[in-house]
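> Right, I'll just put the structure down here and ask away after.
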Amino acid sequence: MFARKYRFPARENRYLKILFLVNGTQDSAAAARAKEFAKCEENDEGTEIWQCAIAFRPVRKWHGIQRFLGKCLSMKPDLVYVMDTAYAGVLAAFCFRAISRCPVIVDTGDAAFALARSTGNYSHLQLWLIRAIEWLAMHTAEGIIVRGSYHRPVLERSGVKRVEVIPDGVNVLEFQNISVSDIVRCRQRLGLCDNLVIGMVGTMEWSDRYQMCYGWDIIEALPRLRDARVKALLVGDGNGRLRLEKRARDLGVADQVIFVGRIELEQIGLFVAAMDICVSTQSNDQVGWVRTTGKLPLYLACGKYVIATDVGEAHRVLRQIGHLLPYQGVRDEEHPIRLADHVRRLVENPEFRQRASGASSIALQEFDYGMLRLRMKRFCTEVLRSHSKYQR
């Protein structure tokens, strides 16, 4: 008696409501993606006009279930779109579907269980819960959106149906408009004017099992570049930052590294623009292969030469505009050596960096949110149409 039958509105009133449940705070990467997709309210290419709303998870994660479910009940959306597979958004969405028959789409950028198991930071009970929530999301949602093209076949082999690939994105034109004078001032302020700057953006979440986090390979590569006028610019924060700072001191390269910590999303483009070379390191396992990572589109949008491990979306898009390094397993002890050797080659042959001249074009073609938003909207429309009859 509580369930209602979903139908598309009549043609004279093509109006749909979509609710994004973001498993993250308002300043998280998941929130940024949801905000971009929520711009789909315009009537693009004759598709249905949508009204969009976003609910963000509070700091206390358990409270997110109540907040999300309350938002669903008050808005009564035609579609619930869950951003990432954390339990608060997934459980709230499926509870609402149980009483309303509202279809659910889940958007994920990771193989959640494989990632959690790889870090070694979770108990057996926590891993079991992560696996159960991920299975529920992947196998019972009306549609799945993944952000890496290699993730889809993995899910399809496990029996998951209706999977669409929509990678992490970026507003390309926004980053192309960063002025040269702003970049010069940023480099001056950081003391980077006379150096080749290699850098990365990421959350420095420490893995106890592998004794590493984002940026570890750059720190380990620097001792081999002491005489090359190379400095590192690391953007991000996390429980691994202090460990990286200590490692830099132990290796005697602390004066070659600038840690800028966590910065606002609006400022990230300027710091990336201040880099000469960007490093994108993903592990050579399921965790690494299923990802795009939001960093790669950002680096390309800024027109940067990217050195990446030969894994995932980098394997697909970087061959003609950057450099791919072989990588073994989760932590490859030889990787910093290969990274340092290639950076030295770029120091000695700066013309090689001209390969990156097409980077922003690739970003526009593959990762621009204007295009990705349309793909997301079409997929959601297909899910809705298959869920109930489209009224004419």
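> Suppose we filter VAL290, VAL306 for residues that are in contact with a His (Cβ under 8 Å, 6 or more places away or on another chain) and at pLDDT below 95; which single one remains?
The match here is VAL290.
> Now for a separate question. Is the stretch 189-205 home to any residue that is touching a residue at least 40 places away in the same chain (Cβ under 8 Å), basic (Lys, Arg) and assigned by TED's automatic domain parsing to the domain that holds GLY288?
Checked against the condition, which is being touching a residue at least 40 places away in the same chain (Cβ under 8 Å), basic (Lys, Arg) and assigned by TED's automatic domain parsing to the domain that holds GLY288, the stretch 189-205 yields no hits at all.
> Which one is surrounded by the fewest Cβ atoms within 10 Å (Cβ to Cβ) among residues in the stretch 39-77 that are at pLDDT 95 or above and touching a Lys or Arg at 6+ places or on another chain (Cβ under 6 Å)?
This residue is ALA55.
> If we keep just the residues of the stretch 336-358 that are out of contact with any strand residue (DSSP E or B) (no Cβ under 7 Å at 6 or more places or on another chain) and either of a type in the set (A, V, I, L, M, F, W, C) or within 17 Å of ALA308 (Cβ to Cβ) (or both), which is surrounded by the most Cβ atoms within 10 Å (Cβ to Cβ)?
ALA340
> I've got another one for you. Would you confirm whether any residue within the stretch 321-330 is free of Cβ contacts under 8 Å to residues at least 12 places away in the same chain and either surrounded by 20 or more Cβ atoms within 10 Å (Cβ to Cβ) or not polar (S, T, N, Q) (or both)?
Within the stretch 321-330 (the criterion being free of Cβ contacts under 8 Å to residues at least 12 places away in the same chain and either surrounded by 20 or more Cβ atoms within 10 Å (Cβ to Cβ) or not polar (S, T, N, Q) (or both)), the answer is no, since none of the residues qualifies.
> Exactly one condition in (1) surrounded by fewer than 18 Cβ atoms within 10 Å (Cβ to Cβ); (2) touching a residue at least 40 places away in the same chain (Cβ under 8 Å) is not met by ARG185; state its number.
Every listed condition holds for ARG185 apart from (2).
> Sticking with this structure for a sec: Which condition number in (1) modelled with pLDDT under 95; (2) out of contact with any helix residue (DSSP H, G or I) (no Cβ under 6 Å at 6 or more places or on another chain) is the one that ARG344 fails?
Evaluating ARG344 over (1) modelled with pLDDT under 95; (2) out of contact with any helix residue (DSSP H, G or I) (no Cβ under 6 Å at 6 or more places or on another chain) leaves (1) as the failure.
> Please verify whether ASP208 is assigned by TED's automatic domain parsing to the domain that holds LEU192 and over 20 Å from the mean Cα position of the chain (by Cα), treating the condition exactly as stated.
When the stated conditions are applied, ASP208 passes them.
> Could you list, in sequence order, the residues of the stretch 174-205 that are under 19 Å from the mean Cα position of the chain (by Cα) and either more than 14 Å from MET275 (Cβ to Cβ) or of a type in the set (A, V, I, L, M) (or both)?
Once the filter is applied, which keeps residues that are under 19 Å from the mean Cα position of the chain (by Cα) and either more than 14 Å from MET275 (Cβ to Cβ) or of a type in the set (A, V, I, L, M) (or both), the stretch 174-205 yields GLU174, MET200, VAL201, THR203, MET204, GLU205.
> Turning to a different aspect of this structure: Please go through the stretch 153-182 and pick out each residue that is part of a helix (DSSP H, G or I), within 18 Å of THR293 (Cβ to Cβ) and either acidic (Asp, Glu) or out of contact with any strand residue (DSSP E or B) (no Cβ under 6 Å at 6 or more places or on another chain) (or both).
Residues satisfying the conditions are VAL154, PHE175.
The values are calculated or read from the model by the stated rules, or taken from the named source; none is laboratory data. Quantities reported herein were computed from a predicted structural model and do not represent experimental measurements. No Cβ is skipped: glycine too gets one built from the backbone with ideal geometry, and neighbour counts run over all protein chains shown.
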